[in-house]
1. Can you tell me which lysines have their Cα less than 25 Å from the Cα of LYS20? Leave out same-chain residues fewer than eight positions away.
2. Quick one: angle between helix 106-115 and the longest Cα principal axis of the chain, in degrees between 0 and 90, rounded to 10, please.
3. From the list (1) 1.23; (2) 0.96; (3) 1.31, can you say which value of Rg/Rh (Cα atoms, Kirkwood Rh) was derived from the structure given?
4. If one takes the longest principal axis of the Cα atoms in the chain, at what angle in degrees, from 0 to 90 and to the nearest 10, does the Cα axis of helix 130-143 lie?
5. What does the charge count near GLY97 come to, summing +1 for each Lys or Arg and -1 for each Asp or Glu among other residues with Cβ under 9 Å from its Cβ?
6. Just the number, please: percent antiparallel of the DSSP beta bridges in the chain, rounded to the nearest 5.
7. Once phi is turned into θ = phi - 60°, what whole-Hz ³J(HN,Hα) does the Karplus curve with 6.51, -1.76 and 1.60 give for every residue of the stretch 87-94, x standing for Gly and Pro?
8. Taking only Cα atoms, what is the 0 to 90° angle, nearest 10, from helix 13-26's long axis to the longest principal axis of the chain?
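Derivation of every value follows stated rules applied to the coordinates shown; laboratory data play no part. Everything quoted here is computed from the prediction, not taken from an experiment. Because the Cβ atoms are built from the backbone with ideal geometry, glycine has one as well, and the counts that use them run over all protein chains shown.
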Amino acid sequence: MWGSNHLYKRPTKKTREKRKVRAKKKGEYRTPDRIKRHADRQSERGYANEERVARILAKAVELGRYASFRQTEHNGSEDTLGIDFVVTKEVSDASVGRGFGVTISHKSWIEARKIHPRVTTILVTPEMKDETLLSKVDALFTENGV
């Protein structure tokens, strides 16, 4: 009994209830409906973010920075591979296309890198400037030897 846990006092039912109440006050007590509401809010923010990126890319195509771009279908075959957009650029008389994904959450950005290691995922925050996003898209064409 003189091992490493001889000072450990097993929590009683009363202390477990106190911890549960304290966790509720702190907002750590997660119920399934709260988790679903949070997931729904995040997906709405994600779709709005994709629309913002689409507007930025459309403006860049109008200015001649890229030849074209295409947004993949939600929950389509390319979307399950982690590709949200495909941008085409004219490089030395050749049309080169690069696909990438976008996300708003650092946590989901890390997960996307694990799930789809060969697809570049760009973390796009609401504070990010349009030019910063376009420079990250330009980096896709330079890092792959184009």
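1. In chain and number order, the partners are LYS9, LYS36.
2. Value to nearest ten degrees: 70.
3. (1)
4. Helix 130-143 sits at roughly 80 degrees to that axis.
5. +3
6. Here the share of antiparallel DSSP bridges comes out near 75 percent.
7. Karplus values, whole Hz, x for Gly and Pro: 10, 10, 9, 8, 10, 6, 6, 10.
8. Here the helix axis deviates by roughly 30 degrees.
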